[in-house]
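A short worksheet on the structure shown next.
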Amino acid sequence: MKKMDAQQWRIENSAGKKRVIVTKELPGRRWIEILARADCRVEISTSTDMLTTAQIKAAIGNRCDGAIGQLTESWGKELFGALNAAGANAYSNYAVGFNNVDLDAAAEYGIQVGNTPGVLTETTAEMAVALTFAAARRTGEAERYLRAGRFTGWLPSLFLGKQLKGKTVGLIGAGRIGSTYGRMMAEGVKTNLLYYSLHTNQELENYIKDYSTFLVTHGQDPLTCRRVKNIETLLQASDCVSIHTVLDDSTHHLINAQRLALMKPDALLINTSRGPVIDEAALVDHCRTHPDFRAGLDVFEQEPKMASGLDQLDNVVIVPHIASATGWTRQGMAILAAANVAGLLLGYPLWGKTDITPFLEGDNIPKAIPGLVTRSKAK
Ligand code: DGY
């Protein structure tokens, strides 16, 4: 195992009385100011290697008040136990997703857990749209062909793709990101929507209804948006399926060989949520045997690894978990993570509003915790 090197940690606000560790460099300065205003000395790992649990535990040491960690780290009993022993009660994931965090273990050790909702919504939905078009119009495959010097001139049937206007997009999960992607596809491309979700998204349904009225007044066809009771119906009826669900026991391998077999042979499958929602080996088999089927993936089952053969398939578009990678979003995530830890240390209440922009700009940073996912202690 690599030894933790003191050189790999840098310090901000060295005179701060509380100690907060941050396991990766985060973009921007505002997040550091938020922690400094809360009287925190901030110790930041400058390593781009993924830190191990042992390395993070060593960094927590004997005295620590809070931590900001990454989705690539496993925050469970060992780390929450170490935080608790060091006197901390605050942790924030630098992510909106928190499948890497054992909320029960955090509750057991009295650690409150924050996340970063509200700054990834459009950014992630935009990447889902990008992957949808890259998959539908075969842009990766076509670029590789061009770069290989194989383009000898325009041909009537070169890289025929799939047109999406008027088609049906199926959303698995219609929370903030899923419904934003759905609206982008409906408004921009004029697709109908189906969605599979625990709850009815009345706001999305009303939005598409009102938008349809607008379309009709402009002489265009109306669109539909309908919740389906079971995932099978959605998979069978959709031309493009986009996954926007959380990862937990109920969604692990939600898309498996049997369910892939239900999809149209030329359907698109897009995933910007978490890799293990798809049985990746089954997807490789399916893409091999269904050359007209296309997948667009931002996330992988065992990141950073990919299932054997996935990267060899021309009908799969892959990007390395970058759906939230814009400067604005990544700085926003840093600000929210810092505000979570600072707010917990200062005993602030929960923000409780969807709009988090007051945290991102201006001098009056709300005295509140923007994102909290803490589970109450098991009885
Ligand atoms: C998150 O925040 O959960 C995203 O996956 C990061 O891109």
Answer with one residue from Asn256, Val189, Ala237: the one whose Cα lies farthest towards the positive end of the charge dipole of region 121-318, charges on Cβ with Lys, Arg +1 and Asp, Glu -1.
-> Val189
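Report the full-extension gain for the segment Asp221 to Glu303: residue separation times 0.36 nm, less the Cα-Cα distance, to one decimal in nm.
My answer for the length gained is 25.3 nm.
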Calc'd 3J(HN,Hα), region 166-180, phi into Karplus 6.51 cos²θ - 1.76 cosθ + 1.60 (θ = phi - 60°), Hz, glycine/Pro = x, comes to x, 7, 9, 9, x, 9, 9, x, 10, x, 4, 6, x, 6, 5
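Could you work out the helix-only [θ] at 222 nm for the chain, with each DSSP H run of four or more residues adding -39,500 (n - 2.57) and the total divided by the number of residues, to the nearest 500 deg cm²/dmol? Can you show the working numbers first?
Values: 13 runs with 128 residues, N = 379.
Using -39500 (n - 2.57) per qualifying helix, the result is -10000 deg cm²/dmol.
Gain in length, Thr46 to Leu146, computed as 0.36 nm per residue apart minus the alpha-carbon separation, to one decimal in nm?
Taking Thr46 through Leu146 to full extension adds about 32.1 nm, to one decimal.
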Once both labels are modelled 7 Å past Cα along the beta-carbon direction, what's the Lys353-Val246 spacing in nm?
-> 2.4 nm
Percent relative contact order for the chain, counting Cα pairs under 8 Å at least six residues apart, stands at 19 percent
Cross-link pairs Lys229/Lys353; Lys190/Lys353; Lys190/Lys264 - those with Cα-Cα distance over 27 Å = Lys229/Lys353; Lys190/Lys353
Sorted by packing (mean other beta-carbon atoms within 10 Å per residue), highest first, where do 179-186, 31-38 land?
-> 179-186, 31-38
Size of region 1-76 along its principal axes in angstrom, Cα-based, largest extent first?
-> 36, 27, 26
Rg/Rh of region 121-318 (Cα atoms, Kirkwood Rh), to two decimals, equals 0.98
Mean-position separation - Cα centroids, region 177-246 and region 95-140, in angstrom = 21 Å
What FRET efficiency would be calculated for the residue pair His199, Leu160, taking the C-beta separation as r and a Förster radius of 45 Å, to the nearest 0.05?
-> 0.70
Out of Leu51, Ala107, Gly76 - ranked by how far each Cα lies towards the positive end of the dipole of region 42-173, with unit charges on the beta-carbon of charged residues - the top one is Leu51
Report, in degrees rounded to the nearest 10, the 0 to 90 angle that the Cα long axis of helix 327-346 makes with the longest principal axis of the chain.
-> 40 degrees
What are the extents of the Cα atoms of region 311-378 along their three principal axes, listed from largest to smallest and rounded to whole Å?
-> 52, 39, 19
From a point 7 Å beyond the Cα of Thr289 in the direction of its Cβ, which residues of region 266-283 have a backbone N at a distance under 14 Å?
-> 281-283
Relative contact order %, region 121-318, counting alpha carbon pairs below 8 Å whose residues are six or more apart | 21 percent
Given the candidates His321, Leu350, Pro291, the one whose Cα lies deepest towards the positive end of the charge dipole of region 281-379, counting +1 at each Lys or Arg C-beta and -1 at each Asp or Glu C-beta, is Leu350
Taking only C-alpha pairs under 8 Å that are 6+ residues apart, what is the relative contact order of region 297-379 in percent?
-> 24 percent
What are the ³J(HN,Hα) values, in whole Hz, obtained from phi via the Karplus relation 6.51 cos²θ - 1.76 cosθ + 1.60 with θ = phi - 60°, for each residue of region 29-46 in sequence order, with x given for Gly and Pro?
-> 10, 4, 5, 5, 4, 4, 6, 5, 4, 8, 6, 9, 7, 10, 10, 10, 6, 9
Taking the mean number of other Cβ atoms within 10 Å as a proxy for protection, how do you rank 88-94, 299-305 from highest to lowest?
-> 88-94, 299-305
Where the only charges are on Cβ atoms (+1 Lys, Arg; -1 Asp, Glu), what is the dipole of the chain about its Cα centre, to the nearest 20 debye?
-> 340 debye
Write down, largest first, the equivalent ellipsoid semi-axes of the chain in whole Å, where each equals the square root of 5 times an eigenvalue of the alpha-carbon gyration tensor.
-> 40, 24, 20
Checking Gly173, Gly66, Gly309 against a Gaussian network model of the chain (alpha-carbon springs below 10 Å), the top fluctuating residue turns out to be Gly309
Stretched fully, the stretch from Glu187 through Ala58 gains (0.36 nm per residue minus C-alpha distance, one decimal, in nm) 41.4 nm
Cα centroid separation - region 273-287 against region 306-332, whole Å = 14 Å
About the Cα centre of region 221-362, what is the dipole size in debye to 20, counting +1 per Lys and Arg Cβ and -1 per Asp and Glu Cβ, all else neutral?
-> 340 debye
Whole-Hz Karplus ³J(HN,Hα) for region 181-186, in order, using 6.51 cos²θ - 1.76 cosθ + 1.60 and θ = phi - 60°, x for Gly and Pro?
-> 4, x, 5, 4, 6, 6
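No lab work stands behind these numbers, since they all come straight from the coordinates. Predicted, not measured: the structure shown is a model, and the values here were computed from it. Note that each Cβ is placed from the backbone with ideal geometry, even for glycine, and that neighbours are counted across all protein chains shown.
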